[in-house]
């Protein structure tokens, strides 16, 4: 049984954090994750956050967006469509530590000349973060303990010209119960069903995000609750306020 507390974040590990996950098992899991984002509208939260930060970018120049923990690149391909729709030139870079999932990302993104992928452990202080205007963290931060989250965001805010968009889950008992029903009907893999519940148990309350933002200097923070039980958290350098 997976426990959930509204007071404390869970420390239970997710199965998909195993970088050895590959093959048919990985492909079925990615299909389930796409189902979750499609039916629950999660991708739109990230795209809306990017759109908000575009006002702080120079429109007639290349706008570089990095996606931290990009997975199979689904959101980057959506970003490419957004840039085309807005008539902007996006340079899109996906960063992930799982070489197997990046092989899938490259295969799915063959038709996108402005998307590239790099095998990177973003948590390593020895790894250089590509120069960028906007950094994107979608369902990524909840995988890590608080101190690592704060250190990563401090680093991203030092490097991001326009800001950082975080799209992550609300730790909520109702969301936990509803996901059980959702996964029973729509998801095929045991990993997705298990990890979805663990993700909610590891995720955040609004006050926790506010506490994080207070520890990141020279930053303006905007936190908005979104359906389905998600937070859109936008961090901007104070020079852009």
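By the count of other C-beta atoms within 10 Å, a proxy for reagent exposure, 74, 91 are ordered fewest to most as 91, 74.
Rounded to a whole number, what is D in µm²/s for region 92-178 from Stokes-Einstein with the Kirkwood radius over alpha-carbon pairs (10 °C, 1.306 mPa s)? Result for D is 108 µm²/s.
Using just its DSSP H runs of length 4 or more, each adding -39500 (n - 2.57), the chain gives a mean residue ellipticity at 222 nm of -13500 deg cm²/dmol after division by all residues. Both numbers refer to the Cα atoms of region 30-74; Rg and Dmax are 13.0, 38 Å. Here the gap between residue 55 and residue 78, fully extended at 0.36 nm per residue and compared with their Cα-Cα distance, gives a gain of 6.4 nm.
Shown for 25, 14: other C-beta atoms within 10 Å of each C-beta, ranked fewest to most, produce the order 25, 14. Full extension of the chain between residue 31 and residue 173 yields a length gain of 48.6 nm, computed as 0.36 nm times the residue separation minus the alpha carbon distance. What the Cβ-Cβ distance of residue 116 and residue 217 gives, at R0 = 30 Å and to the nearest 0.05, is a FRET efficiency of 0.45. Set the Cα radius of gyration of region 166-241 against 2.2 N^0.38 Å, with N its number of residues, and you get 1.32. Quickly work out the residue 154-to-residue 106 label distance, labels modelled 7 Å from Cα along the C-beta direction, and quote it in nm with one decimal. Inter-label distance under the simple model: 3.5 nm.
Result for the chain in a Gaussian network model with C-alpha springs under 10 Å: among 111, 73, 81, the largest mean-square fluctuation is at 111.
Taking a ≥ b ≥ c as the square roots of the eigenvalues of the alpha-carbon gyration tensor, region 1-139 is classed prolate because a/c is 1.5 or more and a/b outweighs b/c.
Taking 7 Å steps out from each Cα toward its Cβ at residue 15 and residue 184 produces label points 1.9 nm apart.
For residue 208 and residue 131, the difference between the fully extended length at 0.36 nm per residue and the C-alpha to C-alpha distance is 24.9 nm. Here each label is just a point 7 Å from Cα along the line to Cβ, and for residue 194 and residue 6 those points are 2.9 nm apart.
Relative contact order, whole percent, for the chain stands at 25, derived from Cα pairs under 8 Å and 6 or more residues apart. What Kirkwood hydrodynamic radius do you get for region 35-107 when you take the inverse of the mean 1/r over all pairs of distinct Cα atoms, in Å? Roughly 13.0 Å, rounded to one decimal. Just checking the listed ones, 201, 131, 97: in the Gaussian network model of the chain with Cα springs under 10 Å, the one fluctuating most is 131. A Gaussian network model of the chain, with springs between Cα atoms under 10 Å, assigns the largest mean-square fluctuation among 33, 53, 197 to 33. Cβ crowding within 10 Å, taken as a proxy for footprinting-reagent exposure, orders 59, 110 from fewest neighbours to most as 110, 59.
All of the numbers you see were taken from the coordinates with simple rules; none came from a lab. Bear in mind the structure is a predicted one, so any value in this text is a computation, not a measurement. Reconstructed Cβ throughout: ideal geometry from the backbone, glycine too, with neighbour counts over all protein chains shown.
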